[in-house]
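Working notes, structure below.
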Amino acid sequence: MSISELDRAPVPAPAGEHIRSLPVPPPAPVPDRPRSRSMRRLREERDRLRDRIVAGRSQAVDRQHSLGKRTARERLDLLLDEDSFVEIDMFRRHQAHGLGMERQRPHTDGVVAGSGTIDGRRVFVYAQDFTIFGGSLGEAHALKIQKVMDLALSTGSPFIGLNDSGGARIQEGVMSLNGYGGIFQRNVQASGVIPQISVVLGPCAGGAAYSTALADFTFMVHDTAQLYLTGPDVVEAVTGESVTHAQLGGAQVHGTRSGLATFVHDDEESCLEDVRYLVSMLPSNNLALPPALPSCGAAADTRPRLAEIVPVEPNKPYDMRLVITELVDEGDFLELHEGWAQNVICALARIDGEVVGIVGNQPMVLAGVLDVAASQKAARFVRFCDAFGIPLVTLVDVPGFLPGTDQEYDGIIRHGAKLLYAYCEASVPRIQVIVRKAYGGAYIVMDSRSIGTDLSLAWPTNEIAVMGAEGAVNVIHRRELAAAADPAALRARLVEEYSEELVHPNYAAERGLVDDVIDPADTRSAVARGLAMLRDKRKQATPRKHGNVPL
Ligand code: HXC
């Protein structure tokens, strides 16, 4: 008997129940087609729809490709581990009316959202689809993004947004603006809890730009990415200024002038590859440890080249990146804001397998002074590392803060205070390495003992003082120098005296402000040992609602 015949057969009476002959009920009506075939048809319909959604409109996809851009799904394929993407809300459509919107209701509503893995670690992600309403953000689009943000936050996973959007969807009016507000609110709630990464791969106009500014890291791609509040047309209408998209908000502008772009890339492949690299160095959330690799024996490493890189003369330039290359595992580090505020370097790297944040003055640019931009750049980086438990290694070679009216008018005191505030507040392990000079307020700010560094190491070339010998002699011996028969000879003698008294290599170490004066070749091993020593550091902050960082 076949299964379907079994289904139709009358139910036999149980044994011993034939006392009375009961009427047998008629068999239940059976549908013409078995249930499994109907399910198959439904599944096929669903698969066809899915395939159509995934393929997109071919003309629009071709246009996207002709602009040198990949589609949202192609980008997710590059970003995430193979076959790891789990999509959410693929079938979602907007519910808007008016302006012909009811006749155009594409599935996804212009954003592909969900979760996947990067090197096996969970991330939540959205990718805006410029082929649908120019990736513009309406209510449903915003709710999809908010949904993955909520999931990222509740599961403690990094959140990554791939942006390619004309901004607020004009046809949906205030509901679009409301959608942005909900995203910003979540950006702020997630700040310091999960890493947030914004990747700009096309236009990112209006509201979308703020979400990018609220993220921890922003990636941009040359030629195709633009970030601005209002596009060139509006700019021209309002101010009369004629400007191109790239001039207004291209990767070059944000990578070198505004400081909004943390990383700038030539193409989408290398950009998304670097997003993966960045994620590989970040903890999933503020309660997780940064992903460490096994020790590579750095505690026993010597690096004789370090002494050759740094000239003994305090004013001779050199590239601090070469120092970093010697200090970190495999000479490999990820530099943030490579083209902005180049007088300070901020980088993520590993030392003996442990992720560290490195801040270093760059004597090659503006002699490594701290100015407005450098202070902002380093302050934000220090705060990020502190929020996510990443130890800080600070390489000091700084002549001071940049003097002058430009800097004073631009608020160097206020911005310098941000860096000071960030270090004072940081409770992660902190190691300071004074490579050469460290003068004045800039010495204090660059993670000095007085503001809470845990371990201060100095090379024998260290010069820690209120100011350099020449400047100091000019101030404290002005009258004698003015009256001297041979001021040059007197100045030389006074400079030597000052240097011997106040800036000799052990001056700060004798006073406990430097914990050890080390051979430059031993820096990598000393830092690796320091990190091991500080691994279990715990510091409880005094309860308060929040501090008042000088924004
Ligand atoms: C609805 C939009 C749109 C938008 C683009 N499109 N932006 N639809 N709302 N904001 C649609 C276009 O109508 C077009 O549809 C398709 O997307 C592609 O756009 P094009 O203009 O053909 O593409 P392109 O030439 O590449 O120019 C892209 C662009 C431009 C630079 C992004 O579209 C543009 O300037 N858009 C407006 C940007 C803007 O000002 N946004 C509002 C920001 S105000 P069809 O059907 O023709 O393919 C804002 C407020 C929030 O966001 C503030 C919160 C703080």
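Please go through (1) away from the ligand (no atom under 14 Å from the Cβ); (2) within 26 Å of Val111 (Cα to Cα) for Leu289 and return the number of the only condition it doesn't satisfy.
Among (1) away from the ligand (no atom under 14 Å from the Cβ); (2) within 26 Å of Val111 (Cα to Cα), Leu289 violates only (2).
How many residues, within the stretch 351-366, are surrounded by fewer than 22 Cβ atoms within 10 Å (Cβ to Cβ) and either under 16 Å from the mean Cα position of the chain (by Cα) or of a type outside the set (A, V, I, L, M) (or both)?
Initially, the stretch 351-366 is screened for residues surrounded by fewer than 22 Cβ atoms within 10 Å (Cβ to Cβ), giving 353, 364-366.
Subset that is either under 16 Å from the mean Cα position of the chain (by Cα) or of a type outside the set (A, V, I, L, M) (or both): 353.
Count: 1.
Out of curiosity, is Arg478 over 22 Å from Tyr423 (Cα atoms) and charged (D, E, K, R)? Let's see the steps before the verdict.
Working: over 22 Å from Tyr423 (Cα atoms): yes; charged (D, E, K, R): yes.
Answer is yes for this residue.
For (1) surrounded by 14 or more Cβ atoms within 10 Å (Cβ to Cβ); (2) out of contact with any strand residue (DSSP E or B) (no Cβ under 8 Å at 6 or more places or on another chain); (3) farther than 30 Å from Ala532 by Cα, each residue gets a yes or a no:
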site: Thr453; (1), (2), (3): yes, no, no
site: Ala469; (1), (2), (3): yes, yes, yes
site: Ala472; (1), (2), (3): yes, no, yes
site: Asp486; (1), (2), (3): no, yes, yes
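If I go through the stretch 180-212 residue by residue, how many of them are surrounded by fewer than 21 Cβ atoms within 10 Å (Cβ to Cβ), of a type in the set (A, V, I, L, M, F, W, C) and more than 11 Å from the ligand (Cβ to nearest atom)?
Final tally of qualifying residues: 2.
Residues Phe159, Phe217: which one is more than 10 Å from the ligand (Cβ to nearest atom) and in contact (Cβ under 8 Å) with a residue 60 or more places away in the chain?
Numbers: Phe159 fails: in contact (Cβ under 8 Å) with a residue 60 or more places away in the chain.
Going through Phe159, Phe217 in turn, just one is more than 10 Å from the ligand (Cβ to nearest atom) and in contact (Cβ under 8 Å) with a residue 60 or more places away in the chain: Phe217.
For the stretch 39-74, give me each residue that is over 18 Å from Tyr126 (Cα atoms), within 14 Å of the ligand (Cβ to nearest atom) and of a type in the set (D, E, K, R).
Arg57, Asp62, Arg63
Please go through the stretch 220-237 and give me each residue that is β-branched (Val, Ile, Thr), over 18 Å from Thr256 (Cα atoms) and either away from the ligand (no atom under 12 Å from the Cβ) or touching a residue at least 12 places away in the same chain (Cβ under 8 Å) (or both), ordered by number. Spell out how you get there, then give the answer.
Start the filter on the stretch 220-237 by keeping residues that are β-branched (Val, Ile, Thr), which leaves 221, 224, 230, 234-235.
From the residues that got through so far, the ones that are over 18 Å from Thr256 (Cα atoms) too are 230, 234-235.
Within the stretch 220-237, Thr230, Val235 meet the criteria.
Of these, Val86, Val174, which one is of a type in the set (Val, Ile, Thr) and either crowded, with 24+ Cβ neighbours inside 10 Å or within 15 Å of the ligand (Cβ to nearest atom) (or both)? First the steps, then the outcome.
Details: Val86 fails: either crowded, with 24+ Cβ neighbours inside 10 Å or within 15 Å of the ligand (Cβ to nearest atom) (or both).
Step by step, each of Val86, Val174 is checked, and only Val174 is of a type in the set (Val, Ile, Thr) and either crowded, with 24+ Cβ neighbours inside 10 Å or within 15 Å of the ligand (Cβ to nearest atom) (or both).
Please tell me if Ser427 is crowded, with 24+ Cβ neighbours inside 10 Å and either of a type in the set (D, E, K, R) or not in a helix (DSSP H, G or I) (or both). Break it down into steps so the answer makes sense when it comes.
Working: crowded, with 24+ Cβ neighbours inside 10 Å: no; either of a type in the set (D, E, K, R) or not in a helix (DSSP H, G or I) (or both): yes.
When the stated conditions are applied, Ser427 does not pass them.
Kindly establish whether Phe124 is farther than 22 Å from Ala205 by Cα, of a type in the set (A, V, I, L, M, F, W, C), without any contact (Cβ under 8 Å) to a residue 40 or more places away in the chain and buried (at least 17 other Cβ atoms within 10 Å of the Cβ). Give the steps one after another, and end with the answer.
Numbers: farther than 22 Å from Ala205 by Cα: yes; of a type in the set (A, V, I, L, M, F, W, C): yes; without any contact (Cβ under 8 Å) to a residue 40 or more places away in the chain: yes; buried (at least 17 other Cβ atoms within 10 Å of the Cβ): yes.
The answer is yes for Phe124.
Kindly evaluate Arg276 against the criterion of being outside any helix (DSSP H, G or I), surrounded by 13 or more Cβ atoms within 10 Å (Cβ to Cβ) and of a type in the set (Lys, Arg).
no
How many residues does the stretch 108-145 hold that are within 16 Å of the ligand (Cβ to nearest atom) and of a type in the set (D, E, K, R)?
3
Any residue in the stretch 243-259 that is within 20 Å of Leu76 (Cα to Cα), within 16 Å of the ligand (Cβ to nearest atom) and more than 18 Å from the chain's Cα centre (by Cα)?
First, the residues of the stretch 243-259 that are within 20 Å of Leu76 (Cα to Cα): none.
Looking for residues that are within 20 Å of Leu76 (Cα to Cα), within 16 Å of the ligand (Cβ to nearest atom) and more than 18 Å from the chain's Cα centre (by Cα), one finds none in the stretch 243-259, hence no.
Can you pull out every residue in the stretch 294-329 that is touching a residue at least 24 places away in the same chain (Cβ under 8 Å) and of a type in the set (Asp, Glu)?
Asp301, Asp319, Glu326, Asp329
All of the numbers you see were taken from the coordinates with simple rules; none came from a lab. Since the structure is predicted, the reported quantities are computational estimates derived from the model, not experimental observations. Note: ideal-geometry Cβ built from the backbone for every residue, glycine included; neighbour counts use all protein chains shown.
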